[in-house]
1. So which of E173, E167 is within 22 Å of T68 (Cα to Cα) and more than 9 Å from the ligand (Cβ to nearest atom)?
2. Restricting to region 56-93, give me the number of residues that are among the hydrophobic types (A, V, I, L, M, F, W, C) and under 9 Å from D124 (Cα atoms).
3. Return the residues of region 21-45 that are under 20 Å from V172 (Cα atoms) and in contact with a Gly (Cβ under 6 Å, 6 or more places away or on another chain); say none if nothing qualifies.
4. Could you check A43 against (1) hydrophobic (A, V, I, L, M, F, W, C); (2) part of a helix (DSSP H, G or I); (3) within 16 Å of the ligand (Cβ to nearest atom); (4) without any contact (Cβ under 8 Å) to a residue 60 or more places away in the chain and say which number it fails?
5. Considering region 125-147 alone, what residues qualify as being touching a strand residue (DSSP E or B) at 6+ places or on another chain (Cβ under 6 Å), under 16 Å from G157 (Cβ atoms) and either more than 16 Å from the ligand (Cβ to nearest atom) or of a type outside the set (A, V, I, L, M, F, W, C) (or both)?
6. Return yes or no: is I30 part of a loop (DSSP other than H, G, I, E, B), among the β-branched types (V, I, T) and more than 24 Å from V109 (Cα to Cα)?
7. Within region 5-17, does at least one residue satisfy the condition of being within 16 Å of the ligand (Cβ to nearest atom), under 25 Å from I178 (Cβ atoms) and within 15 Å of the chain's Cα centre (by Cα)?
8. Restricting to region 103-146, name every residue that is of a type in the set (A, V, I, L, M), in a strand (DSSP E or B) and buried (at least 22 other Cβ atoms within 10 Å of the Cβ).
Amino acid sequence: MNALKEKILQDGKVLSDSVLKVDAFLNHQIDPQLMKEIGEEFAERFQRQGITKILSIESSGIAPAVMTGLVMNVPVIFARKRKSLTLSDNLYISNVYSYTKNESNDISVSRDFINSEDTILIMDDFLANGQAAMGLIDIVQQSGAAIAGIGIVIEKGFQPGGKLIQEHGIQVESLANITSLKNRKVTFLEEVDSK
Ligand code: 5GP
């Protein structure tokens, strides 16, 4: 998706060989026009899957997920990372390991909002090692719902998450796939392919 790639090149900051900061348009300040285009793109890519709901994770997955839900006209749920005072025991819970923080945390979704009749599109801002996505997959599997696929705004293709999820037979659609962040330079998948 060209508008997204241009934005990454213009406003993204490469912090190291493995971390890209996108606080200027996705993770802190949000660019609504870009989110709208992202929503339209995901809606088009998943339009024939019979999706009934979108499942994302707080907080950075919410903006692209809501815009996609708006275009697809389906509800959007986000998994919580912290226990909410108003959440009951009626939860799907999965344990997610974070390589960057070297810690495990439970994520949870109320059982009121996903059931076995649903077809779920899972969405997140980044795909790196795939642990967040695997936690969301686990939650959908607990509910008995079908998984239509995973929509990712930025995949870091040099990390194992994409392969891990595809090995589970789940379709991954990423709008920008970064193959390298070496030497503070962002390289996208197409640039490598066209060589
Ligand atoms: P995972 O390793 O489980 O695929 O990624 C976990 C989470 O870490 C993602 O949901 C995303 O929020 C965050 N993350 C991973 N890599 C990056 C990165 O390079 N930049 C930013 N801003 N967040 C990242």
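Bear in mind that the values in this text are calculations on the coordinates, not laboratory data. These figures come from a predicted structure and were not determined experimentally. So basically every Cβ, Gly included, is an ideal-geometry build from the backbone, and we count neighbours across all protein chains shown.
1. After ruling out the rest, the residue left standing is E173.
2. Selection size over region 56-93: 3.
3. The one that is under 20 Å from V172 (Cα atoms) and in contact with a Gly (Cβ under 6 Å, 6 or more places away or on another chain): F42.
4. (3)
5. Hit for region 125-147 is D125, nothing else.
6. Against the criterion (part of a loop (DSSP other than H, G, I, E, B), among the β-branched types (V, I, T) and more than 24 Å from V109 (Cα to Cα)), I30 qualifies.
7. No, region 5-17 has no match at all.
8. Of everything in region 103-146, those that are of a type in the set (A, V, I, L, M), in a strand (DSSP E or B) and buried (at least 22 other Cβ atoms within 10 Å of the Cβ) turn out to be I107, V109, I120, L121, I122, M123, L127.
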